[in-house]
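The structure under discussion appears below in the form of structure tokens.
Values in this text are rule-based calculations from the coordinates and carry no lab data. Being a predicted model, the structure only gives us computed values, none of them experimental. Neighbour counts are summed over all protein chains in view; Cβ atoms, including those assigned to glycine, are modelled from backbone coordinates with ideal geometry.
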Amino acid sequence: MKNQRLNNLSHSRTLLGALLTLLLLAGLSSAQQKQPLGRLEFIGLKRLTREQVTEMSGLKIGQMVDANALDAAANELLKSGLFRKLSYRVHNAGNQAVVTFQVEESAVSLPVTFENFVWFSDDEIVAAVRRDVPYFNGTAPAAGETPDKISAALQRLLTEKHIAGQVEYMPYVSKDKQELLFTVKGARIPVCSLHFPGASAVPEAELVKASQEVFKADYSKKDIATFAPIKLLPLYRHIGHLRAEFQPPSATLETGAQCAGGVNVTIPVTEGQSYRWAKSIWDGNDKLTVEDLAIALDMNPGDLADGGKIDKGLKNVAKAYRSRGFMSTTIEQTPEFDESAMLVTYHFKINEGPRFFMGKLIVSGLTTADTEDLKSKWTLGSNAVFDEAYLEQFRQGPLREFVRVLTQRSRLSTRYNVEVEERPDQLNKTVDIVIAFK
């Protein structure tokens, strides 16, 4: 026969930044003695398994339980940070208690990355973590006790191996993912050597030469994984290898005395092939013709698809728009590769945006007379279509000459620091120009 008493916990908890209220539904009457736990059920599990959650709760089939024991088990589950909501109910089956937990797992569970634990294999690290966190599956919530338990397990592993350093963790957001990063702080791990398996079109020696700054810092998987695409991929894009990719780095301990405690780092590279330019396809352009865009881009059929040259061409396209007052133009690019012909066609989608006009010319840091003198040299009138090319010509011509004359006549030989700033007004579609003398 089922008991009907509801036992409500009125306190609330903040997990993962959200205010969550724990409602525990207990079917054991206050007068009832402890009962053996006959069965444990979980409703709502997605990432976690029944066995993992059972172990986390601390409950065991056959143990004597009452409302206090079940409340304690529910609290253990919530403290892990793995659940947004949790409730339970109890009914009797014979003289045993059947407990059913209704759960909602936390929406955010971040991949765990071990940043610089170079002394251990991945299997050793996972085994050490699972001694304290048996449900560990490569992810963890950013809040709750689970990250602290992982950190404690890793700290114990360092202590057992007599390795100095303090384990710390933090959420880390990169361009394409979020992760929970565990790092050993205070560990000296110099980079002894770099290797790039798969390198051919760009010789390995050239990649190593371009990576000298890596040798100036202690090993960091995150930093090296970030470094390679930013600093090394341009070498490939320059020779048309637009699909080259660097794989995640790995590190092995150096055993020689000359680089004691350091690591040899391997960064595999998939070079792909070199492409030539087929053509460009433009969509969304109205104020500039295809011919105008082609001239600015300066890529012709049969040219080597030099990624740096393509980037420069797109900057010239943006400049062409800004010289016509279109200050917020955006360009989306989508390459289409013909592998058999080793050609690439670029599709460009343009959002030209609104046209801007000249606003106010603001000069600061000069006398009234000098201010008026400088303003008289500016010929782009208010409400004229803003032309960024004119601003650059003014900087290189009249403004530079004005500063030269001003400096020459200064008795104190003052050296002026001049800052020029564009201030677009999105509401009024104007651009103010501020010239500050400091």
*Can you figure out the FRET efficiency of ARG130 with ALA205, using R₀ = 51 Å and their beta-carbon distance, to the nearest 0.05?*
0.75
*Just add up the charged neighbours of ALA72: K/R +1, D/E -1, any other residue whose Cβ is under 14 Å from the Cβ of ALA72.*
0
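If the chain between GLN33 and ASP298 were fully stretched, how many nm would it gain, using 0.36 nm times the residue separation less the Cα-Cα distance?
Working: separation 265, 0.36 × 265 = 95.40 nm, distance 8.57 nm.
Here the segment from GLN33 to ASP298 would lengthen by 86.8 nm.
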*Please find the FRET efficiency linking ARG50 to ALA257, where r is the Cβ-Cβ separation and R0 is fixed at 56 Å, and quote it to the nearest 0.05.*
0.60
*Quickly work out the ASP223-to-THR266 label distance, labels modelled 7 Å from Cα along the C-beta direction, and quote it in nm with one decimal.*
2.3
*Using 15 Å as the cut-off for backbone N distance, which residues of the range 250-274 belong to the label zone defined by a point 7 Å from the Cα of LYS231 along Cα→Cβ?*
265-267
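Given the peptides 387-396, 365-374, arrange them by the average over their residues of other C-beta atoms within 10 Å, most packed first. The partial results should precede the final answer.
Working: 387-396: 15.7, 365-374: 13.2.
Listed from highest to lowest mean packing, they are 387-396, 365-374.
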*Projected label distance in nm at ASP338 and TYR172, using a 7 Å step from Cα toward the beta-carbon*: 4.2
*Given LYS287/LYS315; LYS279/LYS429; LYS46/LYS149; LYS222/LYS315, the pairs whose alpha carbons are separated by over 27 Å*: LYS279/LYS429; LYS222/LYS315
*Report Rg (one decimal) and Dmax (nearest whole number) for the chain, counting Cα atoms only, units Å.*
32.6, 104
*When the chain is treated as a GNM, springs tying every alpha-carbon pair under 10 Å, which of VAL133, VAL90, VAL403 comes out with the largest mean-square fluctuation?*
VAL403
*Please tell me the relative contact order of the range 357-437 in percent, rounded to the nearest whole number, where contacts are Cα pairs under 8 Å and at least six residues apart.*
44
*In deg cm²/dmol, rounded to 500, what helix-only [θ] at 222 nm does the chain give when every DSSP H run of at least 4 residues adds -39500 (n - 2.57) and the total is split over its residues?*
-7500 deg cm²/dmol
*Within a Cβ distance under 11 Å of ASN351, other residues only, what is the Lys/Arg minus Asp/Glu net charge?*
-3
*Rough spin-label spacing in nm, given labels placed 7 Å along Cα→Cβ, for THR159 and HIS238*: 5.1
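Compute the FRET efficiency between THR100 and PHE215 as 1/(1 + (r/R0)^6), taking r as their Cβ-Cβ distance and R0 = 56 Å, and round to the nearest 0.05.
Values: r = 58 Å, r/R0 = 1.04.
That gives a FRET efficiency of 0.45.
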*For a paramagnetic label modelled at 7 Å from the Cα of LYS315 toward its Cβ, which residues of the range 286-304 fall within the zone defined by backbone nitrogen distances under 19 Å?*
293-300
